[in-house]
Amino acid sequence: MKYVLVILFFLKANLFAQNYSTLEDSRDKKEYEIVLIGWKWWMAENLAYLPVVCSADNPDCSYWVYNYYGNDIEKAKETVFYKEYGCLYDYEAATNVCPQGWHLSTDEDWQSLINYIRKKKEGTIYSDISEKRIISVILNIKSIYGYKTLGGSFINAGFCSFFWTSTEADENHVFTRSFFSNKNKIQKTANQKFSGFSVRCVKD
């Protein structure tokens, strides 16, 4: 176990991530860490752009902060959950919320990322480490962000994280990628558009 932790510690400076930099969102001046993996720049933090905020049980809202039930943006931004987890968005908001020059990650973006890591680790000291674990380290993803349910509840912080893609499965469902603390692979499922999930943006 100690050997694995040492290997993971050095992941950010190895063959998987070519470069780290920062991005300033001109809308609110918030700065994000970004990373170049293969030929694509990814945000290495959850998006946290918050033009409005609502309680989880408000069906007419698209922006939430985990475990915050008010509508005061500044108070929401003061919470530990906002600072650590960023925001949760419904699908409609997620498709338009990335900074200019960036887009909501597609299902193809995620699959290309997984395939790239799988190929790069072959024959290296990382060959026995799962793609999920490597990607979690490089993109600073934790399986703890939780999400907002259709019923208006915040659940599963500390257990799982769901990320929107822009790829629709059908008229009412969208493909998501999820990280569970008790699973060794990145999961792909189709979820309803009115759920509240996290967002990772990819450079156009």
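Readers should treat all values here as calculations from the given coordinates under stated rules, not as data from a laboratory. Note that this is a predicted model, so its numbers are computed, not measured. Cβ sites come from the backbone with ideal geometry, for glycine too, and all protein chains shown count toward neighbours.
Of note:
- Dividing the helix sum by the residues of the chain, where each DSSP H run of 4 or more adds -39500 (n - 2.57), gives a mean residue ellipticity at 222 nm of -6000 deg cm²/dmol.
- Karplus-based coupling profile of the stretch 45-52, in residue order and whole Hz: 8, 5, 4, 10, 5, 9, x, 9, with θ = phi - 60° in 6.51 cos²θ - 1.76 cosθ + 1.60 and x standing for Gly or Pro.
- Extension gain for the segment K188 to Y69, taken as residue separation times 0.36 nm less the Cα-Cα distance, is 39.9 nm to one decimal.
- Tail fraction, Cα-Cα pairs, the chain, threshold 22 Å, whole percent: 47
- For the stretch 92-139 versus the stretch 151-204, the spacing of their alpha-carbon centroids is 14 Å.
- Estimated vicinal HN-Hα couplings, Hz - the stretch 103-118 in sequence order (Karplus 6.51, -1.76, 1.60; Gly, Pro = x): 9, 4, 4, 8, 5, 5, 4, 5, 5, 4, 5, 4, 5, 4, 5, 4
- Simple spin-label estimate for E92 and D204 gives 2.3 nm between the two label positions (7 Å along the Cα-to-Cβ direction from each Cα).
- Karplus-derived 3J(HN,Hα) values for the stretch 183-191, using 6.51 cos²θ - 1.76 cosθ + 1.60 with θ = phi - 60°, are 10, 9, 10, 6, 8, 10, 9, 10, 10 Hz; glycine and proline are entered as x.
- Take every Cα pair under 8 Å whose residues are at least 6 apart in sequence, average their separation, divide by the length of the stretch 39-134, and the relative contact order is 21 percent.
- Dividing the mean sequence gap of close Cα pairs (under 8 Å, 6+ apart) by how many residues the stretch 128-204 holds gives a relative contact order of 28 percent.
- If you run the Gaussian network model on the chain, springs between alpha carbon atoms under 10 Å, then out of E33, E78, E92 the most flexible one is E78.
- In this label model, H103 and D60 are separated by 3.3 nm, measuring between points 7 Å along each Cα→Cβ vector.
- With contacts taken as Cα pairs under 8 Å and at least 6 residues apart, the chain reaches a relative contact order of 23 percent.
- Pairwise Cα separations in the stretch 96-183 fall into 10 Å bins from 0 onward with the following percentages, short to long: 14, 39, 35, 10, 1.
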